[in-house]
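To start, the structure under review is shown below, and the notes come after it.
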Amino acid sequence: MGTTAVFIDFTILFLALQGVLLWLVTADKSLSLAERLSASLTFNLAGWTSLSIVLGFAGLFRTGWVLFGAGLLIVCLLLLGWAMGLERPSAKGLRRDAMAIWEFAMQLRAPGWTMAALGCVAAGSFLLLGIRLPVIDYDGISYHLGMALHIAQDGDFRDYPGESLYTSHFARGGELLMALTILALGSFNLVNAVQWVMLPVLLPAVYATGRALGLDRTHAAVAAFLPLTVPVILYQSSMAYVDLYSVGFFSAGLLAVLGARNRGVGPARILWMFACAGLAMGAKFNAAILAVLLGVVALAAWGWRPLLAPHRRALGLALTGFLLAAAVGTPWMVRNWVKWGSPIYPFSVSIGNVVLAEGMLGMEHTRRMAEGEEYFDVPLWEKTWLSWTTLDLDSWYRFGFLGRDFQSVPHEVLHDHSFGYRGDIRFGGFGLVWVAVLLPSMIVLAIWVLVDRLRGNARTDLWKWHLLTVLAPFAAFLIIVAPWWTRFSIFMPIVGALCFALLVERLSSRYRLAGSLLLWSGITVAAFDWATAVFLNRQWEMLRRYEQDTGRISQTPVHFFTWAAPADPLYRAIEDLLEEARPNETISYYTPYEPILTGFFTEETATVRLNPFPTFWPPFHFDIYPPEALMEIVREDEIALMLLSRNSTPIEFVRLLMEEGAEFLFEHGPYRAYEIPQHRRELDEN
């Protein structure tokens, strides 16, 4: 089956599953149309994730089995709908939904249209960037891309002693979707764009929650599209990371809880919340505490009534939801616990001085890794304020108004990471709109709500929901690791946009002119951040220069880095090794004491298998594999090409390799490449 045919099959099954799930959630009248769109997409991703987990643990994560499993899942859901007695989708229902969308568009006023236009342009721009740009960010190259590549090529979830423990033991929910795109395309073209799927999950959820909390269509639309101007959200949407995916699902679950204010708590809403919690912690371990907080917020918002009579099926639904969350969120923890003794291995689990599960590294090390030694003893408020007030104003000076001077900027300035926004940046990323508009709006809204309540002006329960909307993200901020690192706390501007719109609505009801001024001021500031992220994005300029200089469009990181840093012998050695490799061959590298980022060894068609040798890399590995054991790996895995470092490779291993018949290929600096002729594939071999 050709690559194009496989991609078409995956696309058809994805859309078919989306349609079936949309039909199923329509049965729950507690969900609005916007919520049905968001919930069905959440269930769709949960379906692909759970299917991939089952196949991966069975060692069957292969294209044929994935397609078969997806088809079987669709059939099972159709039978479920038939058993529930649901009506078949009708043209009348589709017309009704289409008219609702048309009515929404026609009733938007200028502020809503302005934010929608800004958001759509930004989202589209970063989607194209994610598709065209290779993985070039540190964590993406070091283990996210490598993890996805191994899953796609090996078809299972084995350990990888040749790499950092992140690749073997971290949660893999986001990487599973990356691996699915590799299976579907046979390349890495969509790996960077996987997190972008969170934008269509979040946008309708924010809009629907805004409507449930009392916003009109225009203000709800402003709240929905405003997060698409926040730089860290845009940059994360085009990177092979998992922070937007994980924190985004926590945000979606929070919105699912808050959206029940005027429509009630139905079965689909309960399952939606649990699915969001599971997908969040299935992508990152530190989201487990956010999943617990989500349950606490749900109890605070809904009370116990949804779990009691007359909702006799609610306990069963809650149990089903819990199993769904566990199915997509806990397999990695269970695997680590059973195999290594700690659910978040290599880290220990402890409460105070009491160690509940022993790992290789303590919880203190987790904080030190996340925060960095230089900021570890700095007070949280100081780090937070520094992060929130770090703005990218220097790009306007260096690159000119809207990037008009980009083409005259020296090459080294484009690669200068001492300024500007990036998806993995610690300080900054929320932009001016957060510190100038969204954060003050959350504070003022909370004070206003409490004052109204104390004065007896709050005549409905709306004040409770507004206050909960403000308090929930701050509670999440206080319980996560390194919250001042903006990609860890993306939920703040997402919920902050909702609070801004709620404040504008309240102000407009009493002082119309003041509300209008606040609304347009917020949109103007958001437009500044939007312009900074879209027009002053140096990645677009680097991509343009790369394609102009090399005449190629490549999804291979090492080609990009060889062009960006031609004097580095490592990039040149890896590039030449990949060009020497043939389809279906296994390549490896052995550079103890010199950890190399796995993603550099990915080639354009994803047909060359990578098997890094076990190495010594403190503090993650404490044993150096003996040369004889390494030679067994060469024979068993039929390694055809190897890259070694003269600075760190034991001479005894090189001697054994030459006795095996290895032949020298080339040398760049301290890096030498060898081939093992008996393991080479013929050029026409499949």
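The values are calculated or read from the model by the stated rules, or taken from the named source; none is laboratory data. These figures come from a predicted structure and were not determined experimentally. Because the Cβ atoms are built from the backbone with ideal geometry, glycine has one as well, and the counts that use them run over all protein chains shown. Surface accessibility is based on the protein's heavy atoms, side chains included, excluding ligands, DNA and RNA. Shrake-Rupley method; radii C 1.70, N 1.55, O 1.52, S 1.80 Å.
Computed quantities for the displayed model
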{"quantity": "From the options 545, 572, residue that is part of a helix (DSSP H, G or I), farther than 22 Å from residue 470 by Cα and in contact with a strand residue (DSSP E or B) (Cβ under 8 Å, 6 or more places away or on another chain)", "calculated": "572"}
{"quantity": "Conditions (1) assigned to a helix (DSSP H, G or I); (2) open to solvent by 40 Å² or more (accessible area, probe 1.4 Å); (3) modelled with pLDDT of 80 or more: number failed by residue 335", "calculated": "(2)"}
{"quantity": "Some residue of region 130-144 being hydrophobic (A, V, I, L, M, F, W, C), assigned to a helix (DSSP H, G or I) and farther than 30 Å from residue 225 by Cα", "calculated": "yes"}
{"quantity": "Residue among 278, 282, 295, 321 that alone is in a helix (DSSP H, G or I) and without any contact (Cβ under 8 Å) to a residue 24 or more places away in the chain", "calculated": "295"}
{"quantity": "Residues (open to solvent by 60 Å² or more (accessible area, probe 1.4 Å) and either within 17 Å of residue 563 (Cβ to Cβ) or in a loop (DSSP other than H, G, I, E, B) (or both)) located in region 393-404", "calculated": "393, 404"}
{"quantity": "Long-range neighbours under 9 Å by Cβ, at least six apart or interchain, first residue within 19 Å of residue 109 (Cα to Cα) within region 523-540, second among the β-branched types (Val, Ile, Thr) and open to solvent by 40 Å² or more (accessible area, probe 1.4 Å)", "calculated": "523/114; 527/114"}
{"quantity": "Residue selected from region 582-595 under the condition assigned to a loop (DSSP other than H, G, I, E, B) and open to solvent by less than 20 Å² (accessible area, probe 1.4 Å), by the criterion modelled with the highest pLDDT", "calculated": "585"}
{"quantity": "Index of the failed condition, residue 682 passing every other in (1) surrounded by 14 or more Cβ atoms within 10 Å (Cβ to Cβ); (2) part of a loop (DSSP other than H, G, I, E, B)", "calculated": "(1)"}
{"quantity": "Output for region 368-385, where each listed residue is modelled with pLDDT of 70 or more, assigned to a helix (DSSP H, G or I) and open to solvent by 90 Å² or more (accessible area, probe 1.4 Å)", "calculated": "374, 381, 385"}
{"quantity": "Output for region 88-103, where each listed residue is part of a helix (DSSP H, G or I) and surrounded by 10 or more Cβ atoms within 10 Å (Cβ to Cβ)", "calculated": "93, 94, 95, 96, 97, 98, 99, 100, 101, 102, 103"}
{"quantity": "Restricting region 531-560 to residues that are of a type outside the set (D, E, K, R) and open to solvent by 40 Å² or more (accessible area, probe 1.4 Å), the residue that is nearest to the chain's Cα centre (by Cα)", "calculated": "540"}
{"quantity": "Only listed residue being open to solvent by 30 Å² or more (accessible area, probe 1.4 Å) and farther than 13 Å from residue 627 by Cβ, chosen from 652, 663, 659", "calculated": "663"}
{"quantity": "Some residue of region 481-499 being in contact (Cβ under 8 Å) with a residue 12 or more places away in the chain, more than 20 Å from the chain's Cα centre (by Cα) and open to solvent by 10 Å² or more (accessible area, probe 1.4 Å)", "calculated": "no"}
{"quantity": "Any hit, region 418-439, residues being loosely packed, with under 13 Cβ neighbours inside 10 Å and of a type in the set (Phe, Trp, Tyr)", "calculated": "no"}
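This table checks each residue for (1) more than 19 Å from the chain's Cα centre (by Cα); (2) more than 30 Å from residue 499 (Cβ to Cβ); (3) at pLDDT 85 or above.
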| site | (1), (2), (3) |
| --- | --- |
| 150 | no, yes, yes |
| 155 | yes, yes, yes |
| 160 | yes, yes, no |
| 163 | yes, yes, no |
| 185 | yes, yes, yes |
| 199 | no, no, yes |
| 210 | yes, no, yes |
